[in-house]
Amino acid sequence: MKQCISAFIATLILWVLLTWSEIQEQGYPPLAVGLLAAFIVAVLSRNLFPAVSLHPRRVVFFLVYIPALLWEIIKSNLDVAYRVLHPRMPINPGIVRVPVSLQSDYGRTLLANSITLTPGTLTLDVVGTNFYVHWLNIQTYNPQEAAEMITGRFMRFLNKVFS
């Protein structure tokens, strides 16, 4: 039952975010369609969603995580643009092993996707508690230092969200 409720809430929030302007213009009809669609999706996909405990602390850390992710994406975009536009293209590409402390499969998936979303890094493989990440400009081959540079802020927030 918790999985069905989690799926319903997640789907409804996504619907409201995507149709907010229509809801403001037309009122309740788009919202009613969203409620019905969220219910259908929740029933059909209830086994795909985790039973999430929506503890306020977790929600707050997730809401703080989103701007932190956006900030890292902006910084990475500027760094990659600098490297591409620089006459000598100062890059040092390679693959590094990044140890991850997250235990939750959903947390690790979100972390891997966050790494991939930031330009200059791409999560290639997950083996046990290690991610293998292609890094455009390797600054260290030490796994702990690489983990701090690549996942530092992400992992701190996600540990609190998924603990």
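Every number in this text was worked out from the coordinates using simple rules, so none of it is lab data. Just so it is clear, the structure is predicted and the values come from calculations on it, not from any experiment. Cβ sites come from the backbone with ideal geometry, for glycine too, and all protein chains shown count toward neighbours.
Here the calculated FRET efficiency for S163 and W20, from their Cβ-Cβ distance with R0 = 22 Å, stands at 0.10, rounded to the nearest 0.05.
With each label modelled as a point 7 angstrom along the Cα→C-beta vector, the L85-Y132 pair spans 3.5 nm.
Placing a label point 7 Å from the Cα of N47 along the Cα-to-Cβ line, the residues of the range 98-133 whose backbone N sits under 20 Å from it are 105-106. Summing charges over neighbours of L158, with a neighbour being any other residue whose Cβ is under 15 Å away from its Cβ, gives +3 when K and R count +1 and D and E count -1. Comparing mean-square fluctuations of N92, N77, N137 from a GNM of the chain with C-alpha springs under 10 Å, the top value falls on N92. Grab the other residues whose beta carbon is less than 11 angstrom from that of N142, score K and R as +1, D and E as -1, and report the net. Its environment carries a net charge of -1. For the range 64-105, just say rounded, prolate or oblate: build the C-alpha gyration tensor, square-root its eigenvalues into a ≥ b ≥ c, call rounded for a/c under 1.5, and beyond that prolate if a/b exceeds b/c, oblate if not. The shape class here is oblate. Distance from the alpha carbon centroid of the range 64-80 to that of the range 87-115 works out to 14 angstrom. A simple count of charges around Y65, restricted to other residues whose Cβ falls under 11 Å of its Cβ and scoring Lys, Arg +1 and Asp, Glu -1, yields +3. Secondary-structure-derived ellipticity at 222 nm for the chain, considering helices only, amounts to -21000 deg cm²/dmol, per-run term -39500 (n - 2.57) for DSSP H runs with n ≥ 4. Can you tell me how the range 56-161 classifies by the Cα gyration tensor, rounded, prolate or oblate, using a/c under 1.5 as the rounded cut? The shape class here is oblate.
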